[in-house]
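The values are calculated or read from the model by the stated rules, or taken from the named source; none is laboratory data. The model shown is predicted, which means the values in this text are computed figures rather than measured ones. Virtual Cβ from ideal backbone geometry, glycine too; neighbours counted across all protein chains shown. Heavy atoms of the whole protein, side chains included, go into the accessibility calculation; ligands, DNA and RNA do not. Shrake-Rupley method; radii C 1.70, N 1.55, O 1.52, S 1.80 Å.
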Amino acid sequence: MAGVLKSVSGKSKINLSNKKFAIVVAEWNGEITKPLFEGAYHALIEMGVKKSNIIRKNVPGSFELPLAAQWEAEKKDIAAVICLGCVIQGDTPHFDYVCQGVTYGIMKVSLKTNKPIAFGVLTTLNKQQAIDRAGGKLGNKGEEAALTVVKMLEIK
């Protein structure tokens, strides 16, 4: 995704004013997930989504993202879900298990519900890498996640 979806390119090819989007945000590493949410939110607004059609749901951590995404995606009026989180590697294998579970879980939700579910979860080696991807020098992956679900809706 990086390099292809660098910034909001304007209006979507489809009318987004009547579509609802859920953004599921992990509270863990909130200093990172806050700008990810802001990037996703503003990208949707710039592409024509009404503020009232953007629903935010907070979960404790990234591991909880797939279930919350499923709950939102199962709602008939939700067009797509954006999952935002941040897992920073530590000294134990916990990082590997969380990342694998979240990745697989989000993919399963997308296939099960037949709706776009964006993987806006940073899996970084350190905090600086996360900052760089949450509005820093490498862009905002929350914004890219919003662009991704819209592009998938355009394809459908």
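Observations on the structure shown:
- Unmet requirement for P116, which otherwise passes all of (1) within 16 Å of L44 (Cβ to Cβ); (2) open to solvent by 20 Å² or more (accessible area, probe 1.4 Å); (3) not small (G, A, S): (2)
- Complete set of residues in region 11-36 that are under 22 Å from V150 (Cβ atoms), open to solvent by less than 10 Å² (accessible area, probe 1.4 Å) and either touching a strand residue (DSSP E or B) at 6+ places or on another chain (Cβ under 7 Å) or assigned to a helix (DSSP H, G or I) (or both): F21, A22, I23, V24, V25, A26, T33, L36
- All of (1) under 26 Å from K20 (Cβ atoms); (2) of a type in the set (D, E, K, R); (3) open to solvent by 20 Å² or more (accessible area, probe 1.4 Å) hold for K137 with one exception: (1).
- Residue match in region 80-87 (condition: of a type outside the set (D, E) and either surrounded by fewer than 15 Cβ atoms within 10 Å (Cβ to Cβ) or more than 12 Å from the chain's Cα centre (by Cα) (or both)): yes
- The C-beta contact set for region 34-46 (first residue small (G, A, S), second residue surrounded by fewer than 17 Cβ atoms within 10 Å (Cβ to Cβ), distance under 9 angstrom, 6+ apart or interchain) comprises A43/S7.
- Among the residues making up region 39-73, a single one is open to solvent by 50 Å² or more (accessible area, probe 1.4 Å), outside any strand (DSSP E or B) and among the polar types (S, T, N, Q): S52.
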